[in-house]
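Engineer: The structure's right below; bear with me while I get my questions together.
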Amino acid sequence: MQTKNLLDTDVQFIKGVGPRRAKLLKRLGIQTTNDLITYFPRDWEDRSRIVLIGEAKPGEKVLIRGRVELLDILHTQKRLKIFKVAVSDQTGIVYALWFKRDNPHYDVFSKLRKSIQRGKEILVYGSVLPPTAGNYKELSVEICKVLNGSPAESNLHLGRIVPLYHLTEGVNEEFFRELVRTALNSYLSFTKDILPESLKNRHNLLSYRDALEAIHFPKNFAEKQKAYHRLVFEEFFLFQLALALKRQKVKKTFKHHTYQIKRNLLTPFRKNLGFDFTKTQKKVINEIFYDLQSSSPMNRLLQGDVGSGKTVVALSAILLATENNYQSAFLAPTEILAEQHYLTFKHFLRGLPINFALLTSKTSRKERKNILEKLKTGEISILLGTHALLEKKVTFRNLKLVVIDEQHRFGVIQRAQIREKGENPDVLVLTATPIPRSLALTLYGDLDVSLLNELPPGRQKIETLHLSETEAYNFVKSTVADGRQAYIVYPLIEESDKLELKAATTEAERLKKDIFFHYRVGLIHGQLPGKEKEEIMSVFREKKYHILIATTVIEVGIDIPNATIMVIEHADRFGLATLHQLRGRIGRGGEKSYCILLGAPKTEEARRRREIMLSTTDGFRIAEEDLKLRGPGEFFGTVQHGLPEYKIGNPLRDYQLLQQTNKLASVFLKKDFWQPTASELRTVVYRKYGQGMQLLEIG
C-alpha cells in the first residue's frame, strides 16, 4: 500500500517544484511522481565526446573543451545582445556566442559575466555556425559549464548522453532533467516490475527499474536501446493481452439468437443489383454468414479499398438479419456519411418491403419521436445514424446486428459500448480507408478480419494526372463530348479570403457562365438539405447534368458508373486519405477513368502527397505513406480514434515488436496468465483496460 501512495505523490511536493511549476507540469500530463518518471524522452543527444576545435564542422552539434582567451559584448541594431567568448584548445580558436534580447533595466548577461572569466577552462556545447567572412569559427551555445580542474568532470547536461523532452513554455530542459533525476533517486526503489521473471529471462529483458534509469540517463546508446525495447515490450504486451482477453471473452459468450437463410429478401436484392458479386465478395459473405450462424457473437472487420464493394456485402448481412425479424443498426462517423449511406440503401433496397430510417441531429423533433417509437415496437428494421444512436433514449426491440462504418473513429473501447444496445449482438466493422498493417494489430486486434482485395469485373485502373487548369477543363469538355460525365471538387463551400481558395458556390457560377456554358452543370455540398442532395444525385445519375461541382460530400458512397473524370481543385489542401477516397468515386464502370489534380504544392508534405497519388492507386500503400507523413495520432484524428495512448511505443516504428507481443499474448494467456507469478501483471491489465474493454467479468 505504501508503494502505491508514494508513486502517487503529487509532483508539487518534489524538491524544486511547488504549486506554480506543478501547474506547468500538469500541461504535460504530469501530476504524480509516477507520471514524471514515466514521461519518456523524445530523443537523446551524445554530449559525451569532446571534439577538437580544428575538427568541428559547420552544421554539427559539438562539445568543446577549451580555455577562455577573450570576452566581449556586442550590440546589434535589433536590440539583440551577443556575449562573445574566444575559446582555444591545441588545434585552434572558436568564438562561442550567446544571444539575448537586450533589457534596459538589468544586465541580461550578469550570470555569464560572473562565471566565465579569462583563463578559465570551460565546456561549451552547441551548433557550429557557417564560416564568417574572416573564416573564423563560431559556435551558437546551448549550454556551458565552467570547470574546476577535475579532468573527468561531468553533470546531467554535459559530458554524457543527454535526454531531450517535449516540454512546455516555462519549463526548460535543464530544470526538467534535474527534476527527473531527483524523482528517480527518491522513488525508483518503490516501482514494481509486473513482468514475470521467466518472461524477462526468455526474452532477455531488463528489469523495470534498470530500464527506467537507462531510458532517462543511459551510459551509452546500446543501453538506451535495451531500455527502450523493455519499456515498449511491456506497453505493447499489456494492450495485446487485453485484446486477447477480449477475443477470448467474445468466443466464450453464447448468443441466444440464430439465423436461417430464407432468401425472401436476399434473392430479390441480388437480382436488383444489376451485377454479380466478385469471388472475394462471395467468400467474405460466406465468412460473415458463418459467423452469424455460429453460437458466439460475430466480431469481424471487413477491410477493403475504395470501390471494392463493402456496402453490398454489409447489406447482405443486414438483409439476413431482417429476414429473421431482427433489427440492425448502421453507425457512420459523421452526419454527411450517414446521409450518404441512407441514399445508397435507398437505391439498393428499392422495391423491397423493408422499413429503414435515418437518425441524426438534423432529424426534426416530430420525426425523431416517430422513429424512436417505431424502433421500440420493431416496425423499423434498420436504423442508420451517427454515434447519436448510442444515446440512452434510443432503444431497440430486437437489435441483433450492428454495422460500424469505421473511418478509424471508433476503437475497441467504443465498440464495447455498442454491444450494450442489444443482447450480445453481432458486430461487423467496415473500413473505407485501408488500415496500415502496422496499426491493424493495435486498433483491430480483437476482431476477425475479412479482406476485399478484388475490384468488380470490367473495371479499369484509374489514371492520375497533374495538369494546368486550362488542360484539365479541355479534358473535361472532350470527355463530356464522348457522352461521359465529370466531377469538379473544391475544398470549401463559400469563398475564403484567408486561404484564397476557390469555393464551390462561386466557382459553380463562374464555370457555368465562362467555361462550360454549353453544358448542364450541377452543384452539391454538405449544407444542402438531405432531400435536395438526393434529388441532385438522382438527376446526375440520370445524366441530366454533364458536370457536377462538389465539395468532399461525395467522398464516400456515391456510385455513378458514367462519371469517368474527376478534377480536384486545390489538391494540395486535401489529405492523402481524402484524395484517395475522392478518386474512388470514379472508375466504377467499364470505361477508362482519369483523376486530375490541380494546384501547386506549397509545402514539402503537399508535394510528397501529390507524388504518392500520381504513383499508386493501392489504398494500403497510400495508408502506410499517410501514416509516415502524419504519425498515428493525426492519421486517425484526435477524437475517438480508439488508439491506446502509448507513452513510448510507436506502432509504425516498432512494428516488429508489436507483431511479437501480439503472438506472445495469445500463447501467454493460455499458459501463464492465470499463474500466481503473473498476479501483478493481471492486476495492471484489468486496471488499465478492464472497464473500457469490458474485461472485468472474465476469469
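Taken together, the values in this text are just the output of simple stated rules run on the coordinates, not laboratory data. Note that the coordinates shown come from a computational prediction; the quantities given were computed from them, not determined experimentally. Note that each Cβ is placed from the backbone with ideal geometry, even for glycine, and that neighbours are counted across all protein chains shown.
Engineer: Within 10 Å, count the other beta carbons around each residue, average over each peptide in 598-607, 351-360, and list them highest first.
Structural biologist: Numbers: 598-607: 14.1, 351-360: 16.6.
Top of the packing list down: 351-360, 598-607.
Engineer: Quick one: angle between helix 365-377 and the longest Cα principal axis of the chain, in degrees between 0 and 90, rounded to 10, please.
Structural biologist: 70 degrees
Engineer: Quick check on the exposure proxy: order ASP405, ASP626, ASP35 from fewest to most C-beta atoms within 10 angstrom. Please report the intermediate quantities before stating the final value.
Structural biologist: On the way: ASP405 27, ASP626 21, ASP35 18.
Lowest count first: ASP35, ASP626, ASP405.
Engineer: Arrange the following residues from fewest to most other Cβ atoms within 10 Å of their Cβ: TYR655, TYR106, TYR290.
Structural biologist: The fewest-first ordering by Cβ neighbours comes to TYR106, TYR290, TYR655.
Engineer: Tilt of helix 310-323 relative to the longest C-alpha principal axis of the chain, in degrees (0 to 90, nearest 10)?
Structural biologist: It is inclined by approximately 50 degrees.
Engineer: Another one. Sequence-distant or interchain residues sharing an amide H contact under 5 Å with GLN485, placed H: which?
Structural biologist: When sequence neighbours closer than 5 places are left aside, the close amide H contacts are ALA563, THR564, ILE565.
Engineer: Now for a different question. Subtracting the Cα-Cα distance from 0.36 nm times the residue separation, let me have the gained length for THR603 to HIS105 in nm, one decimal.
Structural biologist: Computed gain between THR603 and HIS105 is 175.1 nm.
Engineer: At a Förster distance of 30 Å, what's the computed FRET efficiency of LEU528 paired with ARG621, Cβ-Cβ distance as r, to 0.05? Let's see the in-between values first.
Structural biologist: On the way: r = 35 Å, r/R0 = 1.15.
It comes out at approximately 0.30.
Engineer: I need the calculated FRET efficiency for the pair LYS362 and ARG397, taking r as the beta carbon distance and R₀ as 22 Å, to the nearest 0.05.
Structural biologist: Step by step, r from the Cβ atoms, then E = 0.35.
Engineer: Under a point spin-label approximation (7 Å from Cα along Cα-to-Cβ), what is the LEU147-ARG113 distance to one decimal in nm?
Structural biologist: Label at LEU147, label at ARG113, 2.7 nm between them.
Engineer: Taking Cα atoms, how many degrees apart are the long axis of helix 221-252 and the longest axis of the chain, rounded to 10 and kept between 0 and 90?
Structural biologist: Once rounded, one gets 30 degrees.
Engineer: Hey, quick one: spin label on TRP674, modelled 7 Å out along Cα-Cβ, who in segment 216-260 has an amide N within reach, i.e. under 13 Å?
Structural biologist: Under cut-off, by backbone N: 249.
Engineer: For the pair GLN12/ASP210, report the inter-label distance in nm, with labels modelled 7 Å from Cα in the Cβ direction.
Structural biologist: Here the modelled spin labels are 3.9 nm apart.
Engineer: Can you list which of the GluC sites (Glu not before Pro) found in segment 153-209 are DSSP loop residues with at most 15 other C-beta atoms within 10 Å?
Structural biologist: Within segment 153-209, the qualifying GluC sites (Glu not before Pro) (loop, at most 15 other Cβ atoms within 10 Å) are GLU153, GLU169.
Engineer: Give me the number: length gained by fully extending GLU454 to GLU471, i.e. 0.36 nm times residue separation minus the C-alpha to C-alpha distance, one decimal in nm.
Structural biologist: 2.9 nm
Engineer: I'd like the FRET efficiency for ARG653 and LYS120, computed as 1/(1 + (r/R0)^6) with the beta carbon distance as r and R0 of 51 Å, rounded to 0.05.
Structural biologist: 0.70
Engineer: So, one more: Over the Cα atoms, compute the radius of gyration (one decimal) and Dmax (the largest Cα-Cα distance, rounded to a whole number) for the chain, in Å.
Structural biologist: Computed over the Cα atoms of the chain, radius of gyration and Dmax are 31.3, 97 Å.
Engineer: While we're on this one: Run lengths n ≥ 4 of DSSP H only: what is the helix-derived mean residue ellipticity at 222 nm for the chain, with -39500 (n - 2.57) per run over all residues, to the nearest 500?
Structural biologist: Values: 23 runs with 265 residues, N = 699.
Estimated from H runs of four or more residues: -11500 deg cm²/dmol.
Engineer: Taking the Cα atoms of segment 49-159 alone, what are Rg (to one decimal) and Dmax (as a whole number) in Å?
Structural biologist: My reading of the Cα-based Rg and Dmax gives 13.8, 42 Å.
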